[in-house]
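Read the structure below first, then the notes.
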Amino acid sequence: MRRVVVTGMGVWSCIGRNQMEVSASLRAGKSGIEVDQTRTEYGFRSPLTGIVETPDLKGLLHRRLRMGMSQEAMYAYMAAREAFEQANIDDQYLLDNEVGVLFGNDSTAQATVEMHETMLDKHDTALLGSGLIFQSMNSTVNMNLSTIFHLRGINFSVSAACASGSHAIGMGAMFIRQGLQDMVLVGGAQEVNPYAMAAFDALGTFASREDDPTKASRPFDVNRNGLVPSGGAAALVLEEYDHAIARGATILAEVCGYGFSSNGGGISQPSSEGSYIAMSRALADAGMQADEIDYVNAHATSTPQGDAEEAVALTRLFGGKSIWISSTKSMTGHECWMAGASEAVYSIIMMQQGFVAPNINLEQVDPSAETLHIAKRMVQTNVRTVLSNSFGFGGTNSAIVLRQINCK
């Protein structure tokens, strides 16, 4: 079996616009959640969100390329740019070699709303221009990235709700393992404009703590009352091990396990059994036992039922063991379609720098998680192996195992 390694990473999120900024936030337990007053004006029940800066691409990309880019495609471009730079992949390399792209994205709202409003007002499709169609398609991210970076390998979107980014990593690894690609850019992206989250808010699953936004996301805490939406983008350059060695690339980590499952139940119903199967399958794929994992980046979104179901599954695998667990969503909020990719990046940063990021706002551990070894504060420790969980609507589950390349 061909081995799959990570040779470059990039991130654009509410806790940092690059790896350096993100690392500082993870260490400090710094939240990126604030109140967005436009959400109150628009009619949201909860105005809380991760605040993600929209990048200024003027001077970086020609206007012709910018026209077809949605908000999440802009985020993804910045993340991919950083990832390729770290992997020492320049434009000439991309022109001379086949590189694939698989990105998680499960909605594109803003362009669709803008098209509808224009048509209601003007009743003339000629006024829509040529860019909105490429902004409004679910494949907006990978189609823009493939065009900008001259990517000529595998090219499609992975739409799997909040597991999209994680499944993109797993599928990218599968293409490389099977010898179909030597290098694939993978990741996830999520728009953060109010249009994208209004229907989500209608479900009543968003946290309501306007008096202290940074304490609103409370994974595994007994007083959690909902998730906080967020977004941005994260990208990873996956590469076959020998291919990476041959070109002298620096290897950041190995993707050694991918597990998946479907709950087969209610469309918004989490399942401890489905979570357990995905994690177990990832461990089996990596050829590892549960006690070989050093750190688990939990999916835990701060919803009462979702956290409890995952805690049951985690307890079944790791209960009573000294394996560190935390949910970085306590700082970032729920980054939705990008979360599986960004949390892989966060985990590799921890692996490289030897620390576990804190599960902030954990004041009273929920009884369902009381036997878990959850990090309430940043812990300085060796992190050689990581299990990262991502679960989504429709019962889709994904788990990724990452390890240091010299860890056997």
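The table below lists the values:
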read-out: Pair list, Cβ < 7 Å and 6+ apart or interchain, from segment 213-229 residues that are in contact (Cβ under 8 Å) with a residue 60 or more places away in the chain and on the phi > 0 side of the Ramachandran plot to residues that are of a type in the set (D, E, K, R) and not in a helix (DSSP H, G or I); value: 220/366
read-out: Single residue of 83, 73 found to be closer than 25 Å to residue 132 by Cβ, of a type in the set (A, V, I, L, M) and within 16 Å of the chain's Cα centre (by Cα); value: 73
read-out: Inter-residue pairs, beta-carbon under 6 Å, first within 21 Å of residue 137 (Cβ to Cβ) and in segment 157-179, second of a type in the set (Asp, Glu), 6+ apart; value: 159/106; 161/106; 164/106
read-out: Some residue of segment 218-225 being in contact with a helix residue (DSSP H, G or I) (Cβ under 6 Å, 6 or more places away or on another chain) and either buried (at least 21 other Cβ atoms within 10 Å of the Cβ) or among the polar types (S, T, N, Q) (or both); value: yes
read-out: Residues of segment 30-73 satisfying the condition of being surrounded by 24 or more Cβ atoms within 10 Å (Cβ to Cβ), part of a helix (DSSP H, G or I) and either of a type outside the set (Gly, Ala, Ser) or free of Cβ contacts under 8 Å to residues at least 40 places away in the same chain (or both); value: 71, 72
read-out: Any chance residue 99 is of a type in the set (A, V, I, L, M) and within 19 Å of residue 147 (Cα to Cα); value: yes
read-out: Flag for residue 87 being among the aliphatic types (A, V, I, L, M), touching a strand residue (DSSP E or B) at 6+ places or on another chain (Cβ under 7 Å), buried (at least 16 other Cβ atoms within 10 Å of the Cβ) and over 18 Å from residue 139 (Cα atoms); value: yes
read-out: Any hit, segment 207-227, residues being touching a Ser or Thr at 6+ places or on another chain (Cβ under 7 Å), among the aliphatic types (A, V, I, L, M) and either more than 19 Å from residue 44 (Cβ to Cβ) or part of a strand (DSSP E or B) (or both); value: yes
read-out: Tally of residues being of a type in the set (Phe, Trp, Tyr) and out of contact with any Asp or Glu (no Cβ under 9 Å at 6 or more places or on another chain) across segment 140-188; value: 2
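Okay, residues lined up against (1) out of contact with any helix residue (DSSP H, G or I) (no Cβ under 7 Å at 6 or more places or on another chain); (2) modelled with pLDDT under 95; (3) among the aliphatic types (A, V, I, L, M); (4) closer than 21 Å to residue 194 by Cβ:
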{"position": "23", "(1), (2), (3), (4)": "no, no, no, no"}
{"position": "29", "(1), (2), (3), (4)": "no, no, no, no"}
{"position": "64", "(1), (2), (3), (4)": "yes, yes, no, no"}
{"position": "78", "(1), (2), (3), (4)": "yes, no, yes, no"}
{"position": "94", "(1), (2), (3), (4)": "yes, no, yes, no"}
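Yes or no, residue by residue, for (1) touching a Lys or Arg at 6+ places or on another chain (Cβ under 8 Å); (2) touching a residue at least 40 places away in the same chain (Cβ under 8 Å); (3) assigned to a loop (DSSP other than H, G, I, E, B); (4) among the basic types (Lys, Arg):
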{"residue": "256", "(1), (2), (3), (4)": "yes, yes, no, no"}
{"residue": "260", "(1), (2), (3), (4)": "yes, yes, no, no"}
{"residue": "265", "(1), (2), (3), (4)": "no, yes, yes, no"}
{"residue": "269", "(1), (2), (3), (4)": "no, yes, yes, no"}
{"residue": "274", "(1), (2), (3), (4)": "no, yes, no, no"}
{"residue": "281", "(1), (2), (3), (4)": "no, yes, no, yes"}
{"residue": "284", "(1), (2), (3), (4)": "no, no, no, no"}
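The values are calculated or read from the model by the stated rules, or taken from the named source; none is laboratory data. Just so you know, these numbers come straight off a predicted model, no measurement behind them. Neighbour counts run over all protein chains shown; Cβ positions are idealised from the backbone, glycine included.
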